[in-house]
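Read the structure below first, then the notes.
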Amino acid sequence: MIIFEPLLLIAALGALHYFIREGVPIYGDSMALFLATGFLPFYLFVHSSRGLSKDLTYEREYPVVNDADIQIARLLIEVVRNAIISIGLYSAIYFYGIDEAAPTSYLPIIQSSLVLIALSLGIGLMNSALISVFQPWALIYGPLSRGLFFGSGIYSVVDFYPARIRDIIEWNPLAHCIMWFRTGFYPDYPTFTLNQSYATMCAGVILTLGFVAFYSRAR
């Protein structure tokens, strides 16, 4: 289900926008590609942070493996899974005839992905610490994280929003990461709102807080 969820959402939203906009993509030559460059970075964050947001009590039955090892393994699984899905989907779109699916620059894709991984690791570690003292948080975080879907610029171009809406969205580091990610596919992508330094700073602060919370949690 984790593999097919973003694909199904891309297909559903793509079909909806196709009928609403009469086949005109929001940006670029392909609606599927535009949505994929928003959904897949977002799901890298959501699934990585959720994968780390689990109680570690039962894992301690294996004394050879410590909690940090478990969290690193969980993160790597999510990152590799997202990479496989992304490469497969972008390749399929490219071979379908959409040349834009071949990145023009890999550097912003790699940079934004690393920031997303840092964000998800920090959030996941904080959640893991919180769950150790308040287990219902594991059920609460999922819906909350998906709520970010509507304020991260996944199915829209943030710079095309009215100024009052941009002023709100620009506080969300995920929105900056998605804009940053898209510049690897669209060289002329609108980046008036994009602030790479802000996204990186947020990731650094959240990651630091995550490590502090994780290593000081109740055991």
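Computed from the coordinates by the stated procedures, all read-outs in this text should not be read as laboratory data. Because the structure is predicted, anything quoted here is derived from the model rather than measured. Cβ: placed from backbone, ideal geometry, glycine included. Neighbour counts: every protein chain shown.
The peptide list 157-169, 175-187, put in order of mean Cβ contacts within 10 Å with the highest first, becomes 175-187, 157-169. The reciprocal of the average 1/r between distinct C-alpha atoms defines the Kirkwood hydrodynamic radius, which for the range 95-219 equals 15.9 Å. Sorted on the mean count of surrounding Cβ atoms within 10 Å across their residues, most packed first, peptides 145-152, 37-44 read 37-44, 145-152. When the alpha carbon coordinates of the range 86-161 are projected onto the principal axes, the ranges are 51, 26, 22 Å, largest first.
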